[in-house]
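For reference, the structure is listed below as structure tokens.
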Amino acid sequence: MSVLPVTARAIAAAVANGAVSAREVTIAALDRIAADNDRVGAFTDVTADRALAQADALDETRRRGAPLGPLAGVPYGVKNLFDIAGLPTRAGSRINRERKPAARDAVLIQRLEAAGAILLGGLNMGEYAYDFTGENAHDGPSRNPRDLGRMSGGSSGGSAAAVAAGFVPTALGSDTNGSIRVPSSLCGIFGLKPTYGRLTRTGTFPFCESLDHLGPFATDAADLALIYDALQGPAAGDPGCAGRPLERTGTAGGIEGLRIAVAGGYFRTGAQGEVLDAVDRAARALGASQEIEIPEAARGRAAAFLITNAESSTLHLDRLRSRAVEFDPDTRARFLAGALLPAAWLVRAQRFRRWYHEQVLALFDAVDVILAPATPCPAPLLGQRTLRLGTEEVPLRPNLGLFTQPISCIGLPVAVAPLKGSGGLPIGVQIIAAPWREDLCLRVAAALEAAGLARAETGIA
């Protein structure tokens, strides 16, 4: 794969003009997975026969002179909570492996296949998506390709690790409280959590219905936009999907005239120094001198915790009653705690959430985009249990989502762009916009690339 194009755009162009066949691209990607996946732990299921059959069909389409899709021959993987026809949908768990194989692919897989992309398999994830670390008790950790002794982040850790390792140029994940943005930050790649309801979740295993989002990872902003566009469109079967028509995004247009601010207050007090330095470098490059306060962000995070705990535990009550010993103990403890929450707390959290949504939306009368750290630190070591923030030692697992959860709570679109921290490890910057303005997030991410600040590194360090 190292001698073949590495971005989705370049692969699709090379396949379309006959410089390389889809089969050659697919074999190269499968060879790289076979050589290095045991070290990284990104893929849990490899669908090699399916992938080669898709590649051969695509090459035959080209030989006939028929038009190819915009992602022709592009290999990708999906978090294993996506239904893949013929495989049980694991959702990172031991219990789900006993499910009947999925009868059909998730809708977003169908859309990527229609665009010519080639599925290579399912990717490692935190059990039932309740994780920020990428450490799965059943399949082992998805390791960070920047340093295999460090966390990839979760719960879409396998998706981020597969892209960062160079196995595939893009992958799909899910984000409920930060599960695209945290791994993007720790692994040093680009990620997009679209507006809540933008992309259909039909054919995926749920975590928390009112907070679940799906989205892509990629090695640059232009690929992220290309893949995101292929995923868009209305679909039946998802009550949370707004069914908005496809809106082409791209990264053209630049940032001239955009009002860009930096999140202050809450988003400045809990981060390590090199994280704040990365955000400040991004702000200077973009000409963002204004600091803006996101009101009650701490309570927004608390509301996200309560809603997540209450909704997710309800989904798993029968499994907890009958098969509790088969859960990761940490996941089981969180679900059990959620099952014991008073109903009045959930009602109050939802009421606050509506008020908080209105307060944050009002900020976009004065600004177009807000910058904030994606994680409070670079990638921690595997097995690490605590995190030092300022003078305080805090539990690591929940606090990796310190800066993502307040945004998840109200479903805003966010892109993550990777910067290099002063310690050498990547640090992600969240680029936050008003609902349905993914185009602004992507344009700012592209501007950081053009300025030489945001850059994904691929391959295993």
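Quick notes
- Condition check for Ile460: closer than 27 Å to Gly253 by Cβ and at pLDDT 95 or above: no
Condition check ((1) of a type in the set (A, V, I, L, M); (2) more than 12 Å from the chain's Cα centre (by Cα)) across all residues:
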site: Gln110; (1), (2): no, yes
site: Ala114; (1), (2): yes, yes
site: Gly126; (1), (2): no, yes
site: Tyr130; (1), (2): no, yes
site: Glu135; (1), (2): no, yes
site: Arg150; (1), (2): no, yes
site: Val168; (1), (2): yes, yes
site: Cys187; (1), (2): no, no
site: Leu192; (1), (2): yes, no
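- Restricted to segment 8-101, the set of helices (runs of 4 or more DSSP H) holding at least 3 residues that are under 21 Å from Gly134 (Cα atoms) comprises 22-40.
- Matching residues in segment 438-457 - criterion: being surrounded by fewer than 19 Cβ atoms within 10 Å (Cβ to Cβ) and part of a loop (DSSP other than H, G, I, E, B): Ala451, Gly452, Arg455, Glu457
- Count of residues meeting criterion [closer than 21 Å to Leu68 by Cα and either basic (Lys, Arg) or within 22 Å of the chain's Cα centre (by Cα) (or both)] in segment 12-52: 3
- Of the helices (runs of 4 or more DSSP H) lying entirely inside segment 190-296, the ones with 3 or more residues being modelled with pLDDT of 95 or more and acidic (Asp, Glu) are found at 273-286.
- Only listed residue being closer than 25 Å to Ala225 by Cβ and not hydrophobic (A, V, I, L, M, F, W, C), chosen from Arg90, Arg9: Arg9
- Looking across segment 56-89, the residues that are touching an Asp or Glu at 6+ places or on another chain (Cβ under 8 Å), of a type in the set (A, V, I, L, M) and surrounded by fewer than 24 Cβ atoms within 10 Å (Cβ to Cβ) come down to Ala85, Leu87.
- Against the numbered list (1) in contact with a Leu (Cβ under 9 Å, 6 or more places away or on another chain); (2) buried (at least 18 other Cβ atoms within 10 Å of the Cβ); (3) assigned to a helix (DSSP H, G or I); (4) of a type outside the set (Gly, Ala, Ser), Ile370 comes up short only at (3).
- Hits in segment 419-461 (condition: closer than 28 Å to Ala362 by Cα and of a type outside the set (A, V, I, L, M, F, W, C)): Gly428, Gln430, Pro435, Arg437, Glu438, Asp439, Arg443
- Residue within segment 282-293 that is within 21 Å of Asp175 (Cα to Cα) and either out of contact with any helix residue (DSSP H, G or I) (no Cβ under 6 Å at 6 or more places or on another chain) or in contact (Cβ under 8 Å) with a residue 12 or more places away in the chain (or both) present: no
The values are calculated or read from the model by the stated rules, or taken from the named source; none is laboratory data. It should be emphasised that the depicted structure is a prediction, and the values quoted were computed from it without experimental measurement. Every residue, glycine as well, gets a Cβ built from its backbone with ideal geometry; the counts of neighbours run over all protein chains shown.
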